[in-house]
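Read the structure below first, then the notes.
The values are calculated or read from the model by the stated rules, or taken from the named source; none is laboratory data. If you're wondering where the values come from, they're calculated on a predicted model, not measured in any experiment. Neighbour counts are summed over all protein chains in view; Cβ atoms, including those assigned to glycine, are modelled from backbone coordinates with ideal geometry. What goes into the accessible areas is simple: the full protein's heavy atoms, side chains included, and nothing from ligands, DNA or RNA. Shrake-Rupley method; radii C 1.70, N 1.55, O 1.52, S 1.80 Å.
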Amino acid sequence: MAKMMDPKFKQSRRLGLNVSGHPKANKRLNKGLGRDDRKLTEYGRQLLEKQRLRAYYGVNEKQMRKYFVQATKSDRSVTTGDALVRQLEMRLDNLTYRAGFASSIRQARQMVVHGHILVDGKRIDIPSYQVKPGQVLELREKSRSNEMFKENFESQFAQALPYLSKKEGFKCELARVPDREEVPIEITDSLIVEFYSR
């Protein structure tokens, strides 16, 4: 299975945005590449936004196209860009990260693959699994003694996201489908829709 495994800081610097979520990545954003000096074409801007979104969620191009096709077929009351971001936001690996079980999207993906996360009491080891509103994520009983997981969850729970609610113990519920403005990413969705609609 293909994964985005570029060096995190280098990737953030190339994209001009802290896509890794690591606080030190911000210090290095403007060093070395001269991104501000370059003028991008319309296509270049669209491509850059698409690459940023891919990097935020750690998905490959094939997955991204699949999500876009699904977003175009979604409810007409929601724009295609909003539907695309919602689908990516409700992936199991992403919600594991957002809930605070992991300190990065890569760590969250590894936790899911290794079976540390349960959804409604069942072990799910597929990072792209789409979590539905009302479903509860929890840290497996055996994994709760791991100091790193405990520290992650206690120190950075849900980053105050309104669509996630903490439950008793090492549990978190997806309370509802997130609204686009609540999702903490800096992306211009319309450019990505234009890129895939060419």
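In what sequence, highest mean first, do 58-71, 177-190 appear when ranked by Cβ atoms within 10 angstrom? All intermediate terms of the calculation are to be shown ahead of the outcome.
On the way: 58-71: 16.6, 177-190: 14.6.
Listed from highest to lowest mean packing, they are 58-71, 177-190.
How big is D, in µm² s⁻¹, for the range 38-80 by Stokes-Einstein at 4 °C and 1.567 mPa s if Rh is the Kirkwood radius over C-alpha pairs?
It comes out at roughly 110 µm²/s.
Quick one: pull the percentage of alpha-carbon pairs in the range 62-180 with a separation above 16 Å.
The proportion of pairs with Cα distances above 16 Å equals 58 percent.
Checking a compactness column here: for the range 156-198, what do you get for Rg(Cα) / (2.2 N^0.38 Å), N being the number of residues?
1.60
Strictly greater than 16 Å: what percent of every Cα pair in the range 117-198 meets that? Display every interim value, and only then the final one.
On the way: 2063 of 3321 pairs.
Distances greater than 16 Å cover 62 percent of the Cα pairs.
Taking the highest mean first, how do the peptides 99-108, 77-86, 127-136 order by number of other beta carbon atoms within 10 angstrom per residue?
99-108, 77-86, 127-136
Compute, for Arg45, the solvent-accessible surface of its heavy atoms (probe 1.4 Å) with the complete set of protein chains present, and express it in square angstrom to the nearest 10.
Arg45 exposes around 100 Å² with every protein chain in place.
Out of Val113, Leu92, Asn146, whose Cα points farthest toward the positive end of the dipole of the range 40-198 (charges: +1 Lys, Arg; -1 Asp, Glu; placed on Cβ)?
So the residue we want is Val113.
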